[in-house]
Amino acid sequence: MAVLPVEKIQIVVHKSTKDEFLQELQREGIVHIAEMEETTAQTPALLGRLQDGLNQLAAYRKRHPLSMFFNMKRTMSYDAFVDSARSFDHAAVVARLEGIKTEREALSTHSRSLQDDIALLNPWKPFASDLESLREFKQTDSFAVMIPSPETMEKLAEEIAEIPHSVENVNAIGAARYSIFYVKKEHSGQLRARLVENGCETTDFRSLTGTPAAAIARFGRELKEAADKMEALNEAEKDLAENIRLLEATTDLLVISQKKSEVAAALPETMRTANITGWILKRNLARLDRLVQKFSLVFYEKIEKEPGERPPVALQNITPNRPYEMLIKLYSMPDPREYDPTPFLAFFFPIMFGLCITDAIYGILLIIISLYLMRSVTGDKSLFKILLVGGILTIFAGAMVGGWAGDLFEYIGYEPLIRFKNTFMLFDPIKNPMIFIALALGIGFIHMMLGIAIEIVDNLRNGEYGQAIFANLTWFIILPSIILYFSIFGSSPGAKGVLEIALWICLMGIIVASHPEGKSSPLDQSIWAIIIWILWYFGTSKVGELHQFSYVIRLPNHVLFALLPLVAIEIFRFKYAKQVLGKIAWGFYNVYGISNYLGVLLSYVRLMALGMVTGVIAIAINKIAWMVMGIPVLGVFLVIIVLIPSHLFNLIINTLGGFIHTMRLQYIEFFGRFYSGGSKPFKPFRLETDYVEIK
């Protein structure tokens, strides 16, 4: 339940054993390497080729349904992982994949060209002459022209009447006419211009030979041959896809090797040695000793950290609390001087999450889904464990408010189920929402007070006694005292009198001493505290009379005369008193901070709001589903079809909302009281893979 202690170390490695030592150090994964020279990392050509090959085979990879959301690595031992990668002839497979890719691209380009030629020739299929003959005239040009409409043809005939030419009509498709125009070369430009001006399109047959019909048939055969070759390439690629797992292992091994090479290149070096400066958990020093002893030319020592240097932070918690470290890492790692809030997060997070959903059946579904994901997904399972515990608390919260897929038991009408629900139900949040609001505010108040208490402990531990007492302990007393004063002890004059004294002392402490800046004289602070208290007492007494409120402790009016000597003393001690006046200005601002506490407390009402939303939507789903129950024969099936996906959708949406809003309450309302964070996480140099989970 704390930040793990770390040691700064320096390892000196002879260059002859540097690569071998780094490989073993990477496998151990115990040293956070800190000081390295900047280098420009370049991806090895082979690694790029392997990744391209895997992308090429991606369509053949057998995907788990959850792979869209989670990284589904397969598990292997380190030795099996290394052996499988090194014994695999990846170079031949990659070369063959590259060859297939090149051939496929060439075939695709050729096929597109053939398809374009067929599309070009189709309208000219009735033309019976060899296309090459159109290019053999010495004094005549020929144009293959598409005329969009008969109207255009008539207009064009008038405009080119004076140009000597002849026309061979080849085909008609709809309104369009396909014709060959023959004209002497000296009139070719003039005719072409008139054709373009009238919206006609000329067709260039380029180097095509044979009649259009023969060319189309020839291109069709070539297209079929290309398709057959493409199919053969696809089959060959499919056969190579059997090597996906080996390619993945090889890629991971190469990435590991690349990472080691990058670290090796970035280490500071002398003529004969490389220096590794970093951090290690104290508990792992024995492992480092054993590793160093394997090498005769490696030495390490513990060194002092630099002034102001902040070490990386690693957390240690008991097993039930460990999944919630994920939420700490998402926010920020704690300062080494701060208290690790993970245990409190582990207690409050599932309670608040459960209140956001408040449906027992939804809680059961969350447990089932979480257990399935924990078994199916490799790697960090913290999120699923958080959801599992949240599901358990959701069952209790749902049973408390009678939420079992909304009011599904009432619609089913089975009496034992209704009695079972009523046995555990404490209140109906729709009929008595104030109970739910009070519950949410109560949990929020405890949560807020705990944050203040942790800040008091942190202040005391770091020697900030003034802040601990006047900026935090005062509020820790004031906030519950106000509630007790107007509720439980409202009819007890003696208790109210004690609370009044405690409140006055705390308020004066906040006003005259809560600001940490400056060192004022305790005498002047005490005098000003008495002056402000007297003014506060009589001022609030007058205001209280207007609202039929009065203090239990009564002071006579002549106490006001005590202000005269106190003010006189401060006038004579003005050079000391003015130091207090600056703190008092900030102190009054800090008293105004009670509105901030009120805003924080009201934020917890969202627990009730989200819980009510989940229940109301579930009730609406049930009502809609039972509207189709009256349909003969299909009614029951339609009810099931409506209920299952609708309730699952409600569960998913409100689980997401509950998780996010619960995190917000932890991060902003709770951590905002005492937690600053800002440390770097402890990230040891270790084996990191994308496809294989190494045991």
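Which one of I351, I395 is in a helix (DSSP H, G or I), more than 30 Å from R461 (Cβ to Cβ) and either out of contact with any helix residue (DSSP H, G or I) (no Cβ under 8 Å at 6 or more places or on another chain) or open to solvent by 10 Å² or more (accessible area, probe 1.4 Å) (or both)? Let's see the steps before the verdict.
Details: I351 fails: more than 30 Å from R461 (Cβ to Cβ).
Answer to the check: I395.
Given the conditions (1) open to solvent by less than 40 Å² (accessible area, probe 1.4 Å); (2) within 16 Å of N122 (Cβ to Cβ); (3) out of contact with any Phe, Trp or Tyr (no Cβ under 6 Å at 6 or more places or on another chain), which single one is not true for V170?
V170 satisfies every listed condition except (3).
Could you say whether any residue in the stretch 4-13 is over 30 Å from I454 (Cα atoms), polar (S, T, N, Q) and surrounded by 13 or more Cβ atoms within 10 Å (Cβ to Cβ)?
yes
Sort out which residues of the stretch 45-80 are in a helix (DSSP H, G or I), at pLDDT below 80 and either on the phi > 0 side of the Ramachandran plot or open to solvent by 50 Å² or more (accessible area, probe 1.4 Å) (or both), and write them in order of number.
P65, M68
For A227, state whether it is under 30 Å from R104 (Cα atoms), touching a Ser or Thr at 6+ places or on another chain (Cβ under 8 Å), crowded, with 17+ Cβ neighbours inside 10 Å and at pLDDT 90 or above.
No: the conditions fail for A227.
Could you give me the residue pairs with C-beta distances under 8 Å whose first residue belongs to the stretch 367-382 and is more than 19 Å from E325 (Cα to Cα) and in contact (Cβ under 8 Å) with a residue 24 or more places away in the chain, whose second residue is assigned to a helix (DSSP H, G or I) and small (G, A, S) wherever it lies, and which are 6+ apart or on separate chains?
I367/G391
Name the strands (runs of 3 or more DSSP E) wholly inside the stretch 141-243 in which the number of residues that are in contact with a helix residue (DSSP H, G or I) (Cβ under 6 Å, 6 or more places away or on another chain), more than 30 Å from A59 (Cα to Cα) and of a type in the set (S, T, N, Q) is 1 or more.
Where strands (runs of 3 or more DSSP E) fall fully within the stretch 141-243 and carry at least 1 residues being in contact with a helix residue (DSSP H, G or I) (Cβ under 6 Å, 6 or more places away or on another chain), more than 30 Å from A59 (Cα to Cα) and of a type in the set (S, T, N, Q), they are 165-173.
Within the stretch 230-245, which residues are over 13 Å from R96 (Cα atoms) and open to solvent by 80 Å² or more (accessible area, probe 1.4 Å)?
Answer for the stretch 230-245, where residues must be over 13 Å from R96 (Cα atoms) and open to solvent by 80 Å² or more (accessible area, probe 1.4 Å): E231, E242, R245.
Which condition number does H558 fail, the rest of (1) under 30 Å from I505 (Cα atoms); (2) surrounded by 13 or more Cβ atoms within 10 Å (Cβ to Cβ) being met?
Unmet condition: (2).
Residues to consider are A128, A119; find the one that is in a loop (DSSP other than H, G, I, E, B), open to solvent by 60 Å² or more (accessible area, probe 1.4 Å) and among the aliphatic types (A, V, I, L, M).
From the options A128, A119, the qualifying one is A128.
Give the residues of the stretch 297-315 that are β-branched (V, I, T), crowded, with 18+ Cβ neighbours inside 10 Å and either over 35 Å from the mean Cα position of the chain (by Cα) or not in a strand (DSSP E or B) (or both), sorted by residue number.
Passing the criteria: only V298.
When you scan the stretch 96-106, do you find a residue that is more than 30 Å from F384 (Cβ to Cβ), open to solvent by less than 90 Å² (accessible area, probe 1.4 Å) and either in contact with a Cys (Cβ under 9 Å, 6 or more places away or on another chain) or among the small types (G, A, S) (or both), even just one?
Checked the stretch 96-106: at least one residue is more than 30 Å from F384 (Cβ to Cβ), open to solvent by less than 90 Å² (accessible area, probe 1.4 Å) and either in contact with a Cys (Cβ under 9 Å, 6 or more places away or on another chain) or among the small types (G, A, S) (or both).
If you check I328 against the conditions, is it in contact with a strand residue (DSSP E or B) (Cβ under 9 Å, 6 or more places away or on another chain), within 28 Å of A405 (Cβ to Cβ), crowded, with 18+ Cβ neighbours inside 10 Å and of a type in the set (V, I, T)?
Working: in contact with a strand residue (DSSP E or B) (Cβ under 9 Å, 6 or more places away or on another chain): yes; within 28 Å of A405 (Cβ to Cβ): no; crowded, with 18+ Cβ neighbours inside 10 Å: yes; of a type in the set (V, I, T): yes.
No, not satisfied.
Restricting to the stretch 424-448, name every residue that is in a helix (DSSP H, G or I) and open to solvent by 20 Å² or more (accessible area, probe 1.4 Å).
If the condition is that a residue be in a helix (DSSP H, G or I) and open to solvent by 20 Å² or more (accessible area, probe 1.4 Å), then F424, P433, M434, I435, I437, A438, L439, L441, G442, I443, F445, I446 are the ones that fit.
Those residues that are surrounded by fewer than 12 Cβ atoms within 10 Å (Cβ to Cβ) and not in a loop (DSSP other than H, G, I, E, B), I need them from the stretch 628-643; list them, please.
Listed by number, the residues that qualify are V636, F637, I640.
Taking the conditions exactly as written (touching a Cys at 6+ places or on another chain (Cβ under 6 Å) and open to solvent by 30 Å² or more (accessible area, probe 1.4 Å)), does L601 satisfy them or not? Write out each step before concluding.
Working: touching a Cys at 6+ places or on another chain (Cβ under 6 Å): no; open to solvent by 30 Å² or more (accessible area, probe 1.4 Å): yes.
No, not satisfied.
Just to be sure, is A264 assigned to a helix (DSSP H, G or I), closer than 30 Å to A92 by Cβ and open to solvent by less than 30 Å² (accessible area, probe 1.4 Å)?
yes
Just give me the residues in the stretch 286-296 being among the aliphatic types (A, V, I, L, M) and open to solvent by 30 Å² or more (accessible area, probe 1.4 Å), in sequence order.
Once the filter is applied, which keeps residues that are among the aliphatic types (A, V, I, L, M) and open to solvent by 30 Å² or more (accessible area, probe 1.4 Å), the stretch 286-296 yields only A286.
Quick check: anything in the stretch 454-461 crowded, with 17+ Cβ neighbours inside 10 Å and among the charged types (D, E, K, R)?
Yes, the stretch 454-461 contains a residue that is crowded, with 17+ Cβ neighbours inside 10 Å and among the charged types (D, E, K, R).
Kindly provide the set of residues from the stretch 1-11 that are in a strand (DSSP E or B) and in contact with a Leu (Cβ under 9 Å, 6 or more places away or on another chain), ordered by number.
A2, V3, V6, E7, I9, I11
If I filter the stretch 454-505 down to residues being part of a loop (DSSP other than H, G, I, E, B) and of a type in the set (A, V, I, L, M, F, W, C), which single residue comes out as modelled with the lowest pLDDT? Give the derivation first.
The first filter runs over the stretch 454-505 and keeps only residues part of a loop (DSSP other than H, G, I, E, B), leaving 462-464, 487-492.
Subset that is of a type in the set (A, V, I, L, M, F, W, C): 488-489.
Numbers: I488: 72, F489: 69.
Restricting to residues being part of a loop (DSSP other than H, G, I, E, B) and of a type in the set (A, V, I, L, M, F, W, C), the top hit is F489.
Answer with yes or no whether L665 is in contact (Cβ under 8 Å) with a residue 24 or more places away in the chain, touching a Cys at 6+ places or on another chain (Cβ under 7 Å) and hydrophobic (A, V, I, L, M, F, W, C).
So L665 does not fit the description; no.
Between a first residue in the stretch 207-218 that is more than 8 Å from D130 (Cα to Cα) and a second residue that is basic (K, R) and open to solvent by 50 Å² or more (accessible area, probe 1.4 Å), which pairs have beta carbons less than 8 Å apart while being 6 or more apart in sequence or on different chains?
From the stretch 207-218, the pairs are A213/K125; I216/K125.
Working carefully through the options I351, I357, I364, find the one that is over 23 Å from G672 (Cα atoms) and modelled with pLDDT of 95 or more.
It is I364.
Just the residues that are under 30 Å from E24 (Cα atoms) and either modelled with pLDDT under 90 or open to solvent by 20 Å² or more (accessible area, probe 1.4 Å) (or both), please, taken from the stretch 665-688.
Listed by number, the residues that qualify are S679, K680, P681, F682, K683, R686, L687, E688.
The values are calculated or read from the model by the stated rules, or taken from the named source; none is laboratory data. Treat the numbers as computed from the prediction; the structure is a model and nothing was measured. Neighbour counts are summed over all protein chains in view; Cβ atoms, including those assigned to glycine, are modelled from backbone coordinates with ideal geometry. Please note that ligands, DNA and RNA were not included when accessible areas were found on the heavy atoms of the full protein model with its side chains. Shrake-Rupley method; radii C 1.70, N 1.55, O 1.52, S 1.80 Å.
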